[in-house]
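Trainee: First, the structure itself, so that you have it in front of you.
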Amino acid sequence: MGYKLFNRDFTIMIVGQIMSLFGNAVMRFALSLYVLDQTGSSSVFGMILAISMIPMVVGAPFGGILADRVSRKWIMVALDYITALTIGIFGILIQAGGITVVAVLMFVLMIIQSFYQPAVQASVPLLAQGENLVRANGMVIQVNALANLLGPIIGGFLYGFFGLWPILIVGFGCFFASATMELFLHIPFVRRERKQGIFKMIKSDAGSAMRFLLHENPSMLKLLLLTAALNLFMAAMFTVGLPYLVRIFLGLSSQLYGFVEGAMAVGSIMGGLLAGAVTKKVRFSGSSKFLFGATLCLAPLGLAVMGNGTPFASYGVILVTVVVCLCCTTLFTVIAQTFIQKVTPNEMLGKVMAFVTMFCTCAYPLGQAMYGFLFGIDGLNPAVVVGVAGIASLLIAFAARRTLKRFSEKQPVMPKAKEIMDS
């Protein structure tokens with residue numbers, strides 16, 4: 001039986017995600033720039049970003065266990081309301097606390113996000129089946145990218161002209177509206193009977209997810225570790241390097257950096273739009289070509305920042321580079337995420353996707369701290385740092401190619417909620 005993608009519940013979830021992710025993008029952009037502007041140090045900037053990412057690594061498995069035990073709808077509703085309340089409280093405290101309060105706010109928001117994201121990832125296969133699952137994952141990434149396109153541009157304008165306070169108001173409104181919208185959402189949920197205490201339940205659920213990765217799908221685990229290595233060398237370099245290169249090294253405005261964030265979002269949107277057509281021609285085993293495309297983009301980026309004598313020419317190269325790079329990484333992400341969702345049993349989706357997030361992001365904070373230190377070394381040309389990142393990422397892409405071929409062989413595809421109910 002066929003299902004249309006934009007059914008009532010999927011549409012509500014997407015609209016709620018637009019509001020929530022837009023608020024998140026505006027907040028993340030402004031808070032990061034506030035830290036960089038206040039300190040002027042790439043080392044401090046990288047360290048604060050690294051510390052704020054720790055909750056995502058540590059909390060994701062618990063968020064996944066929660067997503068398999070509690071209604072995913074109510075997880076999203078509750079966490080969006082809690083986020084709005086948190087922003088309101090910290091908005092008052094920031095007036096007196098400055099950068100310390102901002103750092104704590106970033107940390108708290110990432111704790112909330114670590115529980116929120118597994119619920120969203122585990123909900124998509126329940127609201128879209130069959131061929132619609134690829135399109136649904138592509139749509140979720142496009143929505144994320146659209147928020148990341150508009151958020152930094154609007155955030156850069158508001159922050160550049162009015163400061164941090166209007167950003168907090170926008171963030172509060174977005175999360176409150178998202179939570180209210182999600183009250184009308186229906187996601188299939190079968191409550192599992194609890195036969196043991198909370199700590200034994202957590203241990204049991206975490207153990208089953210780890211067994212699924214370690215023993216039933218060892219190639220999946222290897223792929224996740226390779227992805228973690230890519231996050232260490234490439235993704236973390238973008239997160240710390242781009243703000244530093246544009247704002248400090250090239251000396252350009254926060255508004256212009258906002259367009260760099262927007263360019264990354266444009267690349268993600270392009271990747272999401274192309275995903276449906278590309279997946280018909282490129283199998284999961286061959287998706288490593290997109291990793292190669294992304295890593296090769298670091299070559300022109302390195303050349304662009306060999307000097308800062310022509311900042312606007314370098315800026316133009318950066319814009320084009322990040323569009324192509326993010327298009328490639330988005331195509332790989334859609335293909336990989338869809339494949340993992342298809343081979344994972346529905347009752348394990350939440351915790352497995354959470355462990356996927358944990359493994360993929362575990363090296364991210366280390367990378368942010370590392371690049372904060374490297375970009376802060378006096379006399380070290382940024383092009384050297386970008387070059388090392390490119391070489392390391394290229395070697396990882398070669399290793400990933402073999403793993404992808406092994407992982408995609410003889411994998412069963414699990415039926416999802418609506419397919420089970422129709423059988």
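Any read-out appearing in this document is the output of simple, stated calculations on the displayed coordinates, not a laboratory observation. As the structure is a prediction and not an experimental result, all values here were calculated from the model. Here the Cβ positions follow ideal geometry from the backbone for every residue, glycine too, while neighbour counts run over all protein chains shown.
Trainee: Full extension from K280 to I377: what is 0.36 nm times the residue separation minus their Cα-Cα distance, to one decimal in nm?
Mentor: Between K280 and I377, full extension yields 30.3 nm more.
Trainee: Here is a further query. Between the helical axis of 198-211 and the dominant principal axis of the chain, each derived from Cα atoms, what acute angle in degrees is found, rounded to the nearest 10?
Mentor: 80 degrees
Trainee: Please compute the net charge surrounding I318, taking Lys and Arg as +1 and Asp and Glu as -1 over other residues with Cβ under 13 Å from its Cβ.
Mentor: With Lys, Arg at +1 and Asp, Glu at -1, the net is 0.
Trainee: Please work through the chain and write down the cysteines that have no neighbouring cysteine Cβ at a distance under 4.7 Å.
Mentor: Singleton cysteines: C174, C327, C328, C360, C362.
Trainee: Measuring from centroid to centroid over Cα atoms, what is the spacing of the range 198-229 and the range 45-115 in Å?
Mentor: Answer, in whole Å: 24.
Trainee: What is the helix-to-structure angle for 42-69, meaning the angle in degrees between its Cα long axis and the longest Cα principal axis of the chain, kept from 0 to 90 and rounded to the nearest 10?
Mentor: Between the helix axis and the principal axis of the chain, the angle is about 10 degrees.
Trainee: In a Gaussian network model over the chain where Cα atoms closer than 10 Å are linked, find which of M110, M234, M201 has the largest mean-square fluctuation.
Mentor: Largest GNM mean-square fluctuation: M201.
Trainee: Continuing with this model, one more query. Once the Cβ-Cβ distance between Q255 and L366 is put in as r, and R0 is 35 Å, what FRET efficiency do you end up with, to the nearest 0.05?
Mentor: With R0 = 35 Å, the Cβ-Cβ based efficiency is 0.65.
Trainee: Quick check on my link table: of K73/K222; K351/K405; K203/K289; K222/K280; K73/K289, which ones sit more than 28 Å apart, alpha carbon to alpha carbon?
Mentor: Too far apart for the 28 Å limit: K73/K222; K203/K289; K73/K289.
Trainee: Once you've got the GNM for the chain with C-alpha springs shorter than 10 Å, pick whichever of L85, L319, L232 has the biggest mean-square fluctuation.
Mentor: Residue with maximal mean-square fluctuation among L85, L319, L232: L85.
Trainee: Only Cα pairs within less than 10 Å get springs; with that Gaussian network setup on the chain, which residue of G271, G390, G40 has the largest fluctuation?
Mentor: G40
Trainee: Please rank K73, K200, fewest neighbouring Cβ atoms within 10 Å first, as an exposure proxy.
Mentor: The most exposed by this proxy come first: K200, K73.
Trainee: Any chance you could give the angle, 0 to 90 degrees and rounded to 10, that helix 311-343 forms with the longest Cα principal axis of the chain?
Mentor: The two axes meet at around 10 degrees.
Trainee: For a label point 7 angstrom out from the Cα of I92 toward its Cβ, which stretches of the range 103-130 have the backbone nitrogen within less than 19 Å?
Mentor: Taking a point 7 Å out along Cα→Cβ of I92, the residues of the range 103-130 whose backbone N falls under 19 Å are 103-106, 108-109.
Trainee: In nanometres, what is the gap between the two model label sites at L303 and L183, each 7 Å from Cα along Cα-to-Cβ?
Mentor: Inter-label distance under the simple model: 5.6 nm.
Trainee: Once every Cα of the range 177-316 carries one equal point scatterer and solvent is ignored, give the base-10 log of I(q)/I(0) from the Debye formula at q = 0.11 Å⁻¹, two decimals.
Mentor: Per q value, in the given order, log10 I(q)/I(0) is -0.75.
Trainee: If each residue's Cβ is checked for other Cβ atoms within 10 Å, how do D37, D205, D378 rank with the fewest at the top?
Mentor: With the sparsest Cβ surroundings first, the list reads D378, D37, D205.
Trainee: Take each of the peptides 291-304, 132-145, average the number of other beta-carbon atoms within 10 Å over its residues, and list them starting from the highest.
Mentor: Top to bottom by mean Cβ count within 10 Å: 132-145, 291-304.
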